[in-house]
Structures are given as structure tokens and as C-alpha cells.
1. May I ask you to evaluate 6.51 cos²θ - 1.76 cosθ + 1.60, the Karplus curve with θ = phi - 60°, for each residue of the range 63-68 and list the ³J(HN,Hα) values in order in whole Hz, giving x for glycine and proline?
2. Once you order the gyration tensor axes a ≥ b ≥ c over the Cα atoms, which shape class does the range 157-297 get: rounded for a/c under 1.5, otherwise prolate or oblate by comparing a/b with b/c?
3. In nm, what is the difference between 0.36 nm times the number of residues separating His541 and Val112 and their Cα-Cα distance?
4. Take peptides 195-207, 507-519 and line them up by average Cβ neighbours within 10 Å, highest first, as a rough protection proxy.
5. Please compute the length gained on full extension between Leu131 and Arg331, using 0.36 nm multiplied by the number of residues separating them and subtracting their Cα-Cα distance.
6. Helix 22-50 versus the longest principal axis of the chain: what is the Cα-based angle in degrees, 0 to 90, to the nearest 10?
7. Evaluate E = 1/(1 + (r/R0)^6) for His74 and Ala215, where r is the Cβ-Cβ distance and R0 equals 35 Å; express this FRET efficiency to the nearest 0.05.
8. Taking the highest mean first, how do the peptides 463-473, 413-423 order by number of other beta carbon atoms within 10 angstrom per residue?
Amino acid sequence: MTDSSSSRMRGRTVRTREVTAPLRTFIRTEAGSAGVLVVAIVAALAWANLGPDSYEAVWGTKFEIRLGDFGTVHELRTWVNSGLMTLFFLVVGLEARREFDLGDLRDRRRFVLPFSAGVVGMLLPVLIFLLVNRGGPGAHGWGVAMSTDTALALGLLALLGRGVPDQARVFLLTVLVVDDLVALVVIAVVYSDDIKLMPIIVAVVIFAVLLGLRALGLRRGVVYAPFCIALWAALLASGVDPVVAGLAIGLTATAYVPPRGALERATGLFKLFREQPTAELARSATLGLTQTLSPNDRLQRMYHPWTSYLIVPLFGLVNAGIAIDGAFLVRAFTSPVTLGILLGYVVGKPVAILGVSWLLTRLTAGRVRPTVGWAAVLGSGTIAGIGFTVSLLIATLAFDEPQLAEAKIGVLATAVVGSVLTWAVYRITNSLPKPRRARALLGDTEQLVDLIPPVDPERDHVRGPADASVTLVEYGDFQCPYCGQAEPVVRELLTDADLRYVWRHLPLTDVHPQAQLAAEAAEAAAAQGAFWPMHDLLLDHQDKLSLNDLLGYADQLGLDRERFRNDLIEHEHAGRVARHLESADLSDVSGTPTFFINEQRHYGAYDISTLTTAIRTARARARIGARPN
């Protein structure tokens, strides 16, 4: 399939906002930005070794911001580390909140294992670091050995773990969310100097004002911006690292599915603009569309690409520069600081994540266990042994030269060693026989159900064998062009003898005025035993769905024309279509086409390659008893 056709297979007609899987969206951005971050690290090392004086001169340049009698002056390095990185931790807070509101952690029981693994996965590396340093001059920098770099870990996992299922990346990220949150608390409490009480009180008052504005329902960013800047400035003046402001703001930004009423109002505003395209109505339509999105979603869309592709790589360029020579490497790799960081990450992280997962599984008799197989748990542990962003941030707070350079080389070494260990884990896993490999990667944990209600042959239209191990459900609209593009793919998939397919109606009447009547026509045909022939005809003739066209299709299929016509005129089957619409609401379906595979929502493209891979994964999970079909 060509790139252009593949991109078309990612489209869908929207009825409500596309509620993409929170973690999968985050993963795609973080993994893509990892390459940019690696380039920035290499550039910093090259710059620091080819022109060390210019490197330090640029990032040591003083920069002042002043407003009347108030102002502050810092080096450019500080503005990046404590200024721009505030936006990075804003995204961390947004992701944590979104995962609790919409992701796997909406089932609070699933938070026990990643929380425990995340906390122990920070404590054990710290203990190893302290053991190696044994009270020496570098012991106070124990915080450097705590936090995994999310972007780098996910990006390298995508490169090293070919064939690793999405579930493994999701498991890793749920652990890393805890990791990042705890690291910020450590920065605020341990690595903030000369704490001043009055600015902290001011910061608390400003934060309370922000919460009050949110409670009042104010959604304009221009209203919040001055208070957010004031909060950052107050924390800066207090001695607490102001990046904490980003985390606090992110955690308060709720994530939710837009209510139907808001979407209908937005559609109405757009129609008014369509009828009378004036600047005032254009502004009203734009605001109406924007306000359907949750604060979390709007902030993520605004800041996540900037933090991933600009701010974090810039942070790497600022902080990763180390002048390296043979004598320095010999000194560094015999230094307790370097060794403590390296051993803390590459030994402590995998041992903690694997050990906590195993222990909780045993103690709870399997009630709390990883959502992936043990090979994926181990691979998550080894790739979690990569520190960079938060580690270097803490290093700049905790150390001066030469210990700072030793800490930096230890942090960079974790990326190399962690990558090699992860490659080895998945290389060995891929050599296992297919059934054992599937269990090692996927595990046998019961997955969360996204589809409500489940498929029922008495209510649903089902195509394929009843005992198939994989069920593919599509919410579709007969007038939706994307459904028409997906139909050839579905028909190709149906050549699989171990797949059953279900169609559920989702007529988007605000954008497809003939969709409701077409859905009722399919049900009228079903009443005469011809649902699937009518289904195929409707998708083959999406531009011809008038009443006369539908009657012609009934004649073509040999149906009782009069009965068919009366059913349509009297809306005999509107109730059944309405029940499908209700199930779409319960399942948080946002547009057409939307697919579910064994009751799990499918995200991303729906080309033949992507769907085949997803079906293959679902079949493997079904065969190891994760979710009997």
C-alpha cells in the first residue's frame, strides 16, 4: 500500500472527538522525537570537544528579563533547564492526568503494579548508587540515578524491539508516569536551595486562583497565562525549582470525552457560518469547536510536539556536552559517581521492575499482575535503565565540576548499556517457538473491555464462523467515504476462516444527511433476510442513497418492495439503529469507521497490513486464554 493510501486509511468522519488511546498517542510522539534527541546529544558532544570554549560561552551567556523594578537574570542554560523545561513537565502532568481519566489507569486497581514498580524502580537504583559511593563526596547526588528518560526509552524500544506489541510499550509508560512524578517531588524537596516561605505562600495562593478559574468554567488560555507565569516566578523566587509549576498545572487539567450537546452546538455554529460566512460567525464556530475539547487535550496538542521535538532536544544540546579524552574516561569509569549511576540504572531498574511484578503476582495469587508477558516486563526493565532528561537536570543541581562531567558520562553510558541489554532480551524472545513467544510477550492478563455491549448474535449482524477466535466489530456510516475506503480491506480480511465480522450502525446525520435512512434500509433488508447483500450494495453506491435508490436496491435483491418501502416510510427499524448509536456512546466511539478487535478498540490506520497485524496479535492472545472469544 502506498504512503498516500495508507494516510487515507487513518482518516475517519468525526461525530465526537476522536478519543485516541492516551498512551498510544503519547508513545507515537515520544518515539518519533527520540531520533531528534539523539542527534542533539551527538551535536552537544561534538561541539563540546571541537569548541569547548564556545560551547560554555554560549550557554553561560547572561540573559535578563525585567519589568519595571522587578527582574531576574540567569544564564541561558538556567533559562532552558528551569524555564523551558517547565513546559516539558507540564506535558508530564497532562499525561498522568489523562491516563487516570481515560487510559488503562481509569481502572484504579491497575495502578497498583506500575506505582509499586515505579517507586521501587527509583529506590533500588538510589540504594545502589549510595552503596557504591558509601558516604563519599558524590553521595548527595543520589537523585541522578532515579528517573528514566521517557522519550529516549520509548524511541529506542521502537528501534530495538521489533515486533514488540503495543501492550509492552503501554506497560512501560505506565511505570514511567510514576517515575516522572516522583522525580519532580524529589527535585522540589531535595534539590531546591534556600527555601523562602513567603514566595511559596504566594505560589499557593496563585495556584488556588487557577483552580478557582477552572471551577468557574473559564476556558480562555489568555486568562490563565498571567497567573501561570506568576506561579512560575513565585516558585523561582522561593528557591523551589519552578519546573514543579508545570507539573502542578498539568495534573489539574481534566481529560474527558466531549458531551453530545456540546458537539451538536458546535455543528450548529458551523452551519450558521456556512450559511453566512462572516468574521464574527467564523470566530463563534472556531470557539465552539475548540470548547468541545477537554483542557487536557487542548494543552497536549499545543505543547507536546514543542516539548518533544524542540525543548527536550534543546535541553540535550545544552547539557550533554562533555569534553572527552582517554584520561577522562579512565577517571570517570573508576569514579563512584559514574559507576553508581550506571549500575543503579542497568541493574537496579530491571531488577526492581521484574522483581516487583513477580512479587505482587505471587502475593495476590495473580489478581494483580503485569498486563504483558514476562519477557516484555524484563525488556521494559532493561530499557527503563536509560536516564537522560531528569537525570541531567538533577545532576546540574547536585554537582559541580568535575563530578558533573562524571555524572554526565554515567548518564550517557546508561543509554548504550540499556539498549544492548534490551536488544538481547528481545532477540532471545524472538528465537522462542511461536506459542511460547506469544505468551512471553503478551502474557495472560485479562484486558479491559472497550466494547459495550459485547457482541450478541441475537442482536448483531455477524459475518463469519461463530467459533472464530477473533471478532472484528466496525461502527460505520453508509455515506461515510472513509467507510467506503475501508470496505475492500474488510472484505480481504474476511477470507480469513478464523475471523468473524460485525457491523454496527453509526449514522452521522449532521454531516451525512442520508446515512440514517440508509441504515434503516439495511435493517429493512435484514427483516427479509438480506442484510449483508444490502450492506454491500450501500457501500458500493455511497453517492446514491435517496429513497428511490434504496427502493431500486430492494428490487435488485428481490425483496418485497412494498414491505420494504413501508418500513422506511414508517421508520420501522429506527429503534434498532438507535440501539447501535447508544452502544457507540457507551463505547466512546467518536467517528466512522471505528474498529474493535476482540472487544479492544483498534487505534491508528486501518489498511490491510495494520489490521492484519492487530488481528494476529489478538489471535495469539486468544489462544493463550487472555480473553476467550
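The values are calculated or read from the model by the stated rules, or taken from the named source; none is laboratory data. Since the structure is predicted, the reported quantities are computational estimates derived from the model, not experimental observations. Note that we place each Cβ from the backbone using ideal geometry, even for glycine, and neighbour counts take in every protein chain shown. Heavy atoms of the whole protein, side chains included, go into the accessibility calculation; ligands, DNA and RNA do not. Shrake-Rupley method; radii C 1.70, N 1.55, O 1.52, S 1.80 Å.
1. For the range 63-68, the Karplus-derived couplings read 9, 10, 10, 9, 10, x Hz, x marking Gly and Pro.
2. Values: a/c = 3.15, a/b = 1.32, b/c = 2.39.
Here the range 157-297 falls in the oblate category.
3. On the way: separation 429, 0.36 × 429 = 154.44 nm, distance 5.12 nm.
Length difference between fully extended and current span is 149.3 nm.
4. Values: 195-207: 15.0, 507-519: 21.1.
For the peptides 195-207, 507-519, the packing ranking is 507-519, 195-207.
5. On the way: separation 200, 0.36 × 200 = 72.00 nm, distance 1.91 nm.
Length difference between fully extended and current span is 70.1 nm.
6. 30
7. Numbers: r = 34 Å, r/R0 = 0.98.
The calculated FRET efficiency here is 0.50.
8. Sorting 463-473, 413-423 by mean packing, highest first, produces 413-423, 463-473.
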